[in-house]
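The values are calculated or read from the model by the stated rules, or taken from the named source; none is laboratory data. No experiment lies behind these values; they were computed from the predicted model shown. No Cβ is skipped: glycine too gets one built from the backbone with ideal geometry, and neighbour counts run over all protein chains shown. Heads up: the accessible areas ignore ligands, DNA and RNA and are worked out on the full protein's heavy atoms, side chains in. Shrake-Rupley method; radii C 1.70, N 1.55, O 1.52, S 1.80 Å.
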Amino acid sequence: MKNKPMNWDEKDNALEKTFVFQDFVEAFGFMTRVALLAEQRNHHPDWHNVYNRVTIRLNTHDAGSTVTDKDRELAAAIDRLFS
């Protein structure tokens, strides 16, 4: 697979990863960039933010709430934003 996500846990039929930033503003900026990626792909994450941490869970509801290539591709795109 050309767009393999890095360090995402696959559990409970979802990909999950926590990103840690210096502060809330940096975390929120990252969330904004992820939101734009997700909107372009019409594939929206389940996420949670507390101060400098953003946890993202991805699965495809249309496929029975399981992990699909759409999730792996979005996860890889998110990784590229973070690096």
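Which whole-Hz couplings ³J(HN,Hα) result when phi for each residue of the stretch 6-21 is put into the Karplus expression 6.51 cos²θ - 1.76 cosθ + 1.60, θ = phi - 60°, listed in order with x for Gly and Pro? Once rounded to whole Hz, the list reads 10, 6, 8, 7, 9, 8, 6, 6, 8, 8, 9, 8, 10, 10, 10, 10. Dipole size of the chain about its Cα centre, with +1 on Lys/Arg Cβ and -1 on Asp/Glu Cβ: approximately 220 debye, rounded to the nearest 20. Couplings for the stretch 50-60, taken from phi via the Karplus curve 6.51 cos²θ - 1.76 cosθ + 1.60 with θ = phi - 60°, read 9, 6, 9, 10, 10, 9, 10, 10, 10, 7, 10 Hz in order; Gly and Pro are left as x.
Shown are M6, M31, whose ranking by accessible area with a 1.4 Å probe and every protein chain present, most to least, is M6, M31. With axes computed from alpha carbons, what is the tilt in degrees of helix 24-41 against the longest principal axis of the chain, rounded to the nearest 10 within 0 to 90? It works out to around 30 degrees. Take the Cα of Y51, step 7 Å toward its Cβ, do the same at V25, and the gap between the two points is 1.7 nm. The C-alpha atoms of the chain define a longest principal axis, and helix 69-82 lies at about 20 degrees to it. Residues of the stretch 44-68 with an amide N closer than 14 Å to a point placed 7 Å from the Cα of E10 along the Cα-to-Cβ direction: 58-60, 66-68. Indicate the gyration tensor shape class of the chain (rounded, prolate or oblate), computed on the Cα atoms with a ≥ b ≥ c the square roots of the eigenvalues: a/c under 1.5 is rounded; otherwise a/b larger than b/c is prolate and the rest oblate. It comes out prolate by the Cα gyration axes. Restriction of the trypsin sites (Lys or Arg not before Pro) in the stretch 1-75 to DSSP coil positions whose beta-carbon has at most 16 other beta-carbons within 10 angstrom yields K2.
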